[in-house]
Amino acid sequence: MTADDSRPRRPVLPGVPEAADEGWEPWAGPGTPRGRTSRLAIAAFVLGLLGGVLGAVLAVVALRRIRRTGERGRGLAVAGLVLFGVWALVLLLVLTVPPSRPDPPSGVRGLRVGDCFRVDDTPSGTRTAPDEVTEVPCTEPHDAELVDRLPGYERYADEAYPGTAALSARAETACRRQQRSYVLDPLSLPAEVRLRWYVPSRVEWTTDPQITCYLAAGGSPLTRPLRQDATVLRPEQLAFLMAVRDFDEARGVLAAQGPTASPAELRTMVERAASAHAGMWLALSGGTWPAPAQEPIGKLVAQAQGAAVAWRDAEKAPDRDQMLRLVAQAEQRRDPQTELAVRRALGLSTTQGEPAR
């Protein structure tokens with residue numbers, strides 16, 4: 001027997017002539033393809049679908065093994081490599097191509113609280129916002145400074161457009177309230193500066209209606225920021241302004257409206273001023289002040305103590321004339337020069353329009 005005769009031969013059935021048996025394998029049954037599919041190729045294809053780097057590694061290993069062993073699955077391994085390449089290209093595009101972003105808001109909607117801007121003309125009253133404004137540093141000439149933006153709706157988001165007159169009244173109330181917090185020291189505002197506002201148009205009402213509050217220049221452009229709140233004031237400046245603010249406002253209302261108010265209205269004004277006066281005295285006497293301000297603040301507290309009796313008596317006065325007389329007596333106890341000395345020591349405005357230091 002030769003070396004070739006050592007191979008197993010195909011069995012011969014009775015009555016059936018013997019056929020050539022070259023290429024016959026005893027383990028290859030009828031209809032069974034030669035070799036099994038590589039498990040590494042299958043794994044490489046699955047991981048390629050998922051985008052894993054391991055899929056590419058397995059695909060290379062599978063191709064080498066298939067070339068050596070003759071297993072099936074070369075197409076799966078190649079597909080795994082292709083899929084990995086697709087995932088790598090997608091990742092590269094995501095990392096290198098900047099995402100598209102919506103255009104930034106234009107006009108006053110693109111401004112933030114405290115920003116200064118220029119417009120073609122300075123509006124003299126309520127109007128809808130212009131399409132274009134130019135933001136500039138507050139130290140450069142400008143027409144206005146943004147105080148705040150507020151929702152145009154008053155009660156609910158689906159309310160019908162109320163008209164510019166109603167929106168103007170709504171805006172005035174809301175914007176004055178915001179100005180009170182934005183400029184804690186009214187003395188620092190230039191005399192010609194006025195509070196203005198933009199109201200939403202009928203078209204804007206259906207999207208995102210906003211009321212825009214701003215401080216507008218008068219005859220000449222502004223060249224400095226007007227903001228006077230906790231973001232720019234020193235702690236001792238803020239403490240003093242918060243201590244005297246309510247009383248100064250109550251005094252202002254009483255002086256402007258008291259002489260013509262009815263007895264009931266006058267009593268309400270006097271009670272408000274007396275309460276604010278007591279709060280001011282407590283805040284000033286209990287505060288911690290820098291050395292240059294301690295002496296003038298001590299004098300201011302002593303004057304407030306002297307006026308406290310007159311304010312209490314004014315609250316209890318039986319008639320209008322006596323109330324006004326006691327209010328006048330309380331006011332005589334106040335020396336304006338003392339408050340100016342306090343302001344000077346704290347670096348606050350001492351004349352209208354003077355900025356704080």
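The values are calculated or read from the model by the stated rules, or taken from the named source; none is laboratory data. In this text, all values refer to a predicted model and were calculated from it rather than measured experimentally. Using ideal geometry, Cβ is built from the backbone for each residue, glycine included, and neighbour counts are taken over all protein chains shown.
Annotations for the structure displayed:
- Set 200, 221: member being touching an Asp or Glu at 6+ places or on another chain (Cβ under 7 Å) and either within 30 Å of residue 322 (Cα to Cα) or surrounded by 12 or more Cβ atoms within 10 Å (Cβ to Cβ) (or both): 221
- Selection from the range 175-195 of residues that are of a type in the set (D, E, K, R) and either in a helix (DSSP H, G or I) or surrounded by fewer than 21 Cβ atoms within 10 Å (Cβ to Cβ) (or both): 176, 177, 180, 192, 194
- Residue satisfying all of: in the range 145-174; under 13 Å from residue 205 (Cβ atoms) and surrounded by 19 or more Cβ atoms within 10 Å (Cβ to Cβ); modelled with the highest pLDDT among these: 167
- Residue match in the range 89-100 (condition: modelled with pLDDT under 80 and touching an Asp or Glu at 6+ places or on another chain (Cβ under 8 Å)): no
- Residue list for the range 45-72, restricted to those being more than 18 Å from residue 89 (Cα to Cα) and either in contact with a Phe, Trp or Tyr (Cβ under 6 Å, 6 or more places away or on another chain) or not assigned by TED's automatic domain parsing to the domain that holds residue 85 (or both): none
Residues are listed down the side, and each one gets a yes or a no for (1) among the basic types (Lys, Arg); (2) within 29 Å of residue 311 (Cβ to Cβ); (3) not in a helix (DSSP H, G or I):
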{"residue": "214", "(1), (2), (3)": "no, no, yes"}
{"residue": "226", "(1), (2), (3)": "no, no, yes"}
{"residue": "237", "(1), (2), (3)": "no, yes, no"}
{"residue": "243", "(1), (2), (3)": "no, yes, no"}
{"residue": "248", "(1), (2), (3)": "no, yes, no"}
{"residue": "257", "(1), (2), (3)": "no, yes, no"}
{"residue": "267", "(1), (2), (3)": "yes, yes, no"}
{"residue": "270", "(1), (2), (3)": "no, yes, no"}
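- Of the residues screened, residue 253 is one that is hydrophobic (A, V, I, L, M, F, W, C), closer than 30 Å to residue 225 by Cα and surrounded by fewer than 17 Cβ atoms within 10 Å (Cβ to Cβ).
- Inside the range 289-343, residues that are surrounded by 14 or more Cβ atoms within 10 Å (Cβ to Cβ), over 27 Å from residue 236 (Cα atoms) and polar (S, T, N, Q) make up a count of 1.
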